[in-house]
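Everything below concerns the one structure shown next.
Quick note: the coordinates plus some simple rules give every number you see, no bench work behind them. Since this is a predicted model, take the numbers as computed values, not measurements. Cβ: placed from backbone, ideal geometry, glycine included. Neighbour counts: every protein chain shown.
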Amino acid sequence: MRKTFIGPHLRRLRQEASETQAQMARRLGISAAYVNLLENNQRSVSVALLLRLFEHYGVDWHDIAEDGTGAQLADLRGALHDPLFDDIRPDLQELRGAQTHAPQLIKAFLRLHHAYLGASDQLLALAARPDDMGPVFAASPEGAVHHFFRRQRNHFPALEQAAADFWPSGTPSTDDLYAALKARLRQDHGIATQLVRVSDMARSLRHYDQANAELRLSEALDHPNRVFQLTHVLGLIECRDTLETLLQGSGVDSPQGRSRALVELANYFAAAVLMPYDAFLAEARASKYDFDHLATRFGVSFEQACHRATTMQREGAQGVPFFFLRVDKAGNVTKRFNATDFHLAEYGGACPKLDVHMTFRLPGRIVPQLVEMPDASQYFVFARTVDRPIFERHGQDNRLAVAMGCTIAHAPEISYAESVALQGAPFTQIGINCRICPRAGCEQRAHQASVLTTPVDESRRGPTRYDA
């Protein structure tokens, strides 16, 4: 059984109760010396003691024993890649020590660094829009939602349970699912579902008219996405309390961020209903994560199957930890989820040396790649284009590209790695993005990174104008 240390949590709990160590010891039936050892993480806490904490202090033991240190450590290491810390970057042992003994300080540091990145990004935007003098220190709504999902390692047990309970009499077959969802909306909620011509939807894919109890879906949606949208709306209606509870503890404060988080949580629920956890994980392992097969098996899109794979993080039944990245033709990151230690770019585009950008030249084909980050961590990445709904003849080239990645240790579990020589193969050296990438000689560098401070040598021309 894994040992659980709760020192800083216990100290804060005692201080909030205005108690000495001796007073807390008497309430818990242990010695003051043992309380001192617990607070300094020199002893792990037992289940019996956790239950006594709940009995005497009303604290949920999940709140103080939950282990989210893996994602936090990855975020911390990513933040410390910032050139601000070039001369004082702590090593891994120091970071683990800080996590153990000062977790609140780590949270404060990460919050401050996120605010700094947000302010830097918005100040750059203000330089281009001098008349728009909005607040500059608020974190972006998309960034706040990403950090919320990241803290949860993109896994929400409450939504998994709600999805498991969604069909009490058994899940309908894939062929009957659309009709069953329409019937449920009509019979349980009095909502009529109508398929509407593209010209009548004002470039919308879904519109739920609550006042008239009508759900309108655009003909531009293919069958898997029509099913997904019906399930999404049922999640918003039937799981509202669960969604609101998750929002309460999300740390997302802005109205834009909360509405964005609500949509993403409802999307998570819909995916969990359509791709039940145990069945999806078993099929993923059996097919070695063949996402075309998984999409066909569960009646979903390739992108939806990829996204679902990032959520397989249940304790004791974990799948391969993936990161998920979706980009447009200009390189903008339009969606990202992460269950790995890979640090995804928060601002700007993805690294141009990722082959996800090349997939637009090879639509529909899987493009595998081995990559190495500046910290020498290595990953297997595969990417493919995905099609978007077409509204009109002039919008046919509306593709996006998705990339999935895992650590190199998990590559043998992925079918797409079978064509790649994992032993002795060259790795493409990439970075988070050009803003903080230290690879001075990269021929794909888009601009001078703040981490590169060497003056330009007018007598030399390197691979780019920034390497001179």
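Things to note:
- Near LEU105: Cβ cut-off under 13 Å, other residues only, Lys/Arg at +1 and Asp/Glu at -1. The net charge is +3.
- Applying the Karplus relation 6.51 cos²θ - 1.76 cosθ + 1.60 with θ = phi - 60° to the stretch 28-34 yields 3J(HN,Hα) values of 8, x, 10, 7, 4, 5, 5 Hz, where x marks Gly and Pro.
- Partner lysines whose Cα lies under 27 Å from the Cα of LYS107, excluding those fewer than 8 positions away in the same chain, are identified as LYS3, LYS335.
- Residues in the stretch 197-213 carry Karplus couplings, in order, of 4, 4, 5, 9, 9, 6, 6, 10, 9, 8, 9, 9, 8, 5, 4, 9, 6 Hz; the curve used is 6.51 cos²θ - 1.76 cosθ + 1.60 with θ = phi - 60°, and Gly or Pro positions show x.
- Under a 5 Å amide H cut-off, with hydrogens placed 1.01 Å from N, GLN429 pairs with GLU372 among residues at least 5 apart or on other chains.
- Theoretical FRET efficiency, 1/(1+(r/R0)^6), r = Cβ-Cβ of SER377 and GLU418, R0 25 Å, to 0.05: 0.65
- Average projection area in nm² (convex hull over Cα atoms of the stretch 157-274, one quarter of hull surface): 7.8
- With q set to 0.11, 0.18, 0.19, 0.20 Å⁻¹, the log10 of I(q)/I(0) for the stretch 317-421, from the Debye formula over equal scatterers at the Cα positions, is -0.35, -0.87, -0.96, -1.05.
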